[in-house]
Amino acid sequence: MAPVSMPPTTEARDVFRELGYSVREDGTEFVAERKWRRVLVTPIRAEDATDPEPYLADGGETPRLRCFVTWKRSASDLREHLLGLKPPFDWAVIGVGDDGDFDVMQGRPGSP
């Protein structure tokens, strides 16, 4: 079982590779690319899932597509919190399990 205090960074990379994306190997946050899509992927620790604001304000250009990856037990809470925040970009949440399985949860209606 993965420690709760660790973000699922390795698991996030594995999920995106399984989905057919190429993944750049730099830092905790990373970019996944496939065809025309370029997704900024942000792994989040379970205890940060209901307070993702630090991950939303990166100070740079707002990416068009974002995906937040957290442990499965926290994914629904993170999705609900983001729905309330209404960030200005298309987003999704992926919840990963300890055994490598994952669930993709669409963000606001119309998000990829």
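The fewest-to-most ranking of Thr9, Thr28 by surrounding Cβ atoms within 10 Å reads Thr28, Thr9. Taking other Cβ atoms within 10 Å as a rough exposure proxy, Glu25, Glu11, Glu80, Glu18 sort from fewest to most as Glu25, Glu18, Glu80, Glu11. Other residues with beta-carbon under 12 Å from the beta-carbon of Gly20 carry, at +1 per Lys or Arg and -1 per Asp or Glu, a net charge of +2. Taking the square roots of 5 times each eigenvalue of the Cα gyration tensor of segment 63-112, largest first, gives ellipsoid semi-axes of 19, 11, 8 Å. Neighbour counting of Cβ atoms within 10 Å sorts the residues Phe89, Phe68, Phe16, Phe30, fewest neighbours leading, into Phe89, Phe30, Phe16, Phe68.
Label sites at Ser5 and Asp101, each approximated as a point 7 angstrom past Cα along Cα to Cβ, lie 2.9 nm apart.
Values in this text are rule-based calculations from the coordinates and carry no lab data. Predicted model, so just to flag it, every value in this text is computed and none were measured. Using ideal geometry, Cβ is built from the backbone for each residue, glycine included, and neighbour counts are taken over all protein chains shown.
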